[in-house]
Structure formats: C-alpha cells, structure tokens
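Below is one structure, written out as structure tokens; comments come after it.
The values are calculated or read from the model by the stated rules, or taken from the named source; none is laboratory data. Because the structure is a prediction, the values reported are computed rather than measured. In this analysis, Cβ positions are derived from the backbone assuming ideal geometry, glycine residues included, and neighbour counts consider all displayed protein chains. Quick note on the areas: whole protein, heavy atoms, side chains included, nothing else; ligands and nucleic acids left out. Shrake-Rupley method; radii C 1.70, N 1.55, O 1.52, S 1.80 Å.
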Amino acid sequence: MSVVVLAYHEMGCTGLRALLRHAVPVSAVFTYADDPAENCWFGSVAALAREAGLPVHVTESINDARWVEHIAALRPDAIFSFYYRHLVGRAIRALPRLGAFNLHGSLLPRYRGRCPVNWQLVHGERVSGVTLHVMTGRADAGDIVAQERVSVGPDDTALQLYARLNAAAEVLLDRELGAVLSGRAARRAQDESQATVFGGRRPEDGRVDWRWPRARVHDLVRAVAPPWPGAFGELADGRLMLGRTSLELGSGAPSPGPGRVAVRGGEVLIGAGDGPLRILEWAAPSGRLLRDGEALVLGPTPLAPQELHA
C-alpha cells in the first residue's frame, strides 16, 4: 500500500494525523511554504510530516512534469488532498488505482470553491459539515464518498466553526478510511442543481455597509473575526475594527440610525438598516473610545467576490 498526501493548514494536519493513526503507509507529503504575509495561526503539515519521518516536498506547482513523474514512481494506491489549495491535474489524478480523494469544509454540493467556512457564516448557515469526495477536473465536484454534519450556532465565529469541522473530519476519516483503502467505499454523484460555487475572499470584503440588515452585519463580523482579517467600518478619523457583535439588546436600548453610534453606560451600539447592533469587541483609530452620536461611512461597499455558476 502506498498513499500520497497533499495537505496544508490545520485541516491538513488533521488529515495526516488520521492516516498516521491508522498506520497507513504514506510515501510522500506535498505541502506549501508558509506565506510571511499571512497570519499562520494553524499547524504545520511540513513539521508534522518530518516529525513522523515522512518525505516532505514543498511546492507551489504540484502539476509540474517532475512531480507527476515523482508521484508516478511511488505507484500510489490512493491520493488524499486535505485543504490543498491547487486543483490537481488529470495526470496525477489518474495515477492511484483506488482514486484521488479530497476533504472539503462544507456539505457538498453547496459551497464549492474557496473559503467555505467564511462563506457559510456570511450567509448565516445553521448547518455545516465536511465532505470526502473524489477529485475531478472541477473543484469539489466529484462523487461524494462520505459526509459528517455539524451544527452552527448564531454567534459562532469562523474559528469556532473551523474547530468543529476539524473534529468532524477526524470522525469521518476514522470511520471511512478502511473502506476507502480497501476499495469498498460507496460513491454517489453530486446533485448539480443544488451546487453553489464561491471564490476567494480579500481583507477588503470585511467592509460593512451600515444600510444592511443588522443580522447581515453580525454574520459578516463573525465570518471574518480574528484570526481572519476582520470586519470594519470607516469613521471620520480612520478604520473601526469589529471583533464581536451581538443581536441581543437590553430593554430600553437606544436605536441609532444606520451608521450612527450610541454609547450608554459603557454599552456601544451602532445602527444598521433595520435596527441597532451591540458591539462587544472593537478597536477604534488610535485606540480611542467611541463617542456617542458620531457617524460611520454608510457605503457604498466595494463589490465582494460573488457566487459563481456551478
């Protein structure tokens, strides 16, 4: 038995640990170099693989001919992709006799593509999960092997959901690896009529338009809360970063208009399109306090990456 692993991020570590836990012979691990410009709060696949004595290759070009030849020489029975960022070409996908499989952070066919955890919270989803599926020429479109569902709370942040998905991935892999590696795993086609695809997100996509409904603002804040770049609005003297918000309001709470700040007894509220939002964690320019009655820029919001056609 020979297995090749393509992995990155915390979910990559989770997938590799599952293979090691089940004593699966891993012939090689391919991963990425950490980006010095990125907040690398997650575990290192490269470090984990080296600790386990596995051959590690760091590359941004998995589909280069030399890597295709290298993987072919390993004669892999299966290839696993755990949060690997690049689409794997046909030349590599065709090599393993049992197939090439990817672990994705949503319940496919919904939320194919990049940043599924963040996009699900942006849209206020209450159920999420992980999917193990067969890799094809289209991102996250192959036959589903298995799924594990998790609930999403109304105040869950992306980090909290990511941790829950990591735990779900452990459960799924512990349950399914035996069947996959023996060739007994069931497969079912995805329902293309239910497919949605989303692109990557930029820090600028955290900008709030205060004319939005307050639930939409709240969902954006928790979707990009640290360690992601964060949601923000613009005050007259600079950027207001929003770390945590709440839809719960005390009795008699003021109701400022969209983009207006109300400060009462240490409590901070900012008006949205259909009512105020309580601001629990924030950072104003120069570390100053927010002032009652000041205003944020309402919009317009730069266009965020839109849902793509499946």
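Values computed for the structure shown
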read-out	value
Trp119 vs. criteria open to solvent by 20 Å² or more (accessible area, probe 1.4 Å), aromatic (Phe, Trp, Tyr) and at negative phi	no
Selection from the range 128-155 of residues that are crowded, with 21+ Cβ neighbours inside 10 Å and of a type in the set (Asp, Glu)	Asp140
Of all residues making up the range 96-115, the number that are surrounded by fewer than 19 Cβ atoms within 10 Å (Cβ to Cβ) and either within 14 Å of the chain's Cα centre (by Cα) or of a type in the set (A, V, I, L, M, F, W, C) (or both)	2
Flag for Val130 being of a type in the set (Val, Ile, Thr) and in contact with a Gly (Cβ under 8 Å, 6 or more places away or on another chain)	yes
Residues located in the range 17-70, provided they are among the charged types (D, E, K, R) and touching a His at 6+ places or on another chain (Cβ under 8 Å)	Glu60
Subset tally (residues that are among the small types (Gly, Ala, Ser) and closer than 20 Å to Gly137 by Cα) for the range 45-66	2
Count - residues of the range 6-16 that are hydrophobic (A, V, I, L, M, F, W, C) and surrounded by fewer than 24 Cβ atoms within 10 Å (Cβ to Cβ)	1
Ala163 being in a helix (DSSP H, G or I), in contact with a strand residue (DSSP E or B) (Cβ under 9 Å, 6 or more places away or on another chain) and exposed (fewer than 15 other Cβ atoms within 10 Å of the Cβ)	no
Residue list for the range 17-36, filter: open to solvent by less than 10 Å² (accessible area, probe 1.4 Å) and within 20 Å of Arg97 (Cα to Cα)	Leu19, Ala28, Val29, Phe30
Candidate set from the range 37-88 (those that are in contact (Cβ under 8 Å) with a residue 60 or more places away in the chain and farther than 28 Å from Ala163 by Cβ); member that is most open to solvent (accessible area, probe 1.4 Å)	Arg75
Residue match in the range 253-265 (condition: more than 20 Å from Ser286 (Cα to Cα) and in contact (Cβ under 8 Å) with a residue 60 or more places away in the chain)	no
Meets criteria (of a type in the set (A, V, I, L, M), in contact (Cβ under 8 Å) with a residue 12 or more places away in the chain and not in a helix (DSSP H, G or I)) for Leu173	no
Conditions (1) of a type outside the set (Gly, Ala, Ser); (2) part of a loop (DSSP other than H, G, I, E, B); (3) open to solvent by less than 60 Å² (accessible area, probe 1.4 Å): number failed by Arg184	(3)
Single residue of the range 215-251 satisfying the filter (open to solvent by less than 50 Å² (accessible area, probe 1.4 Å) and of a type in the set (S, T, N, Q)) that is nearest to Leu159 (Cα to Cα)	Thr245
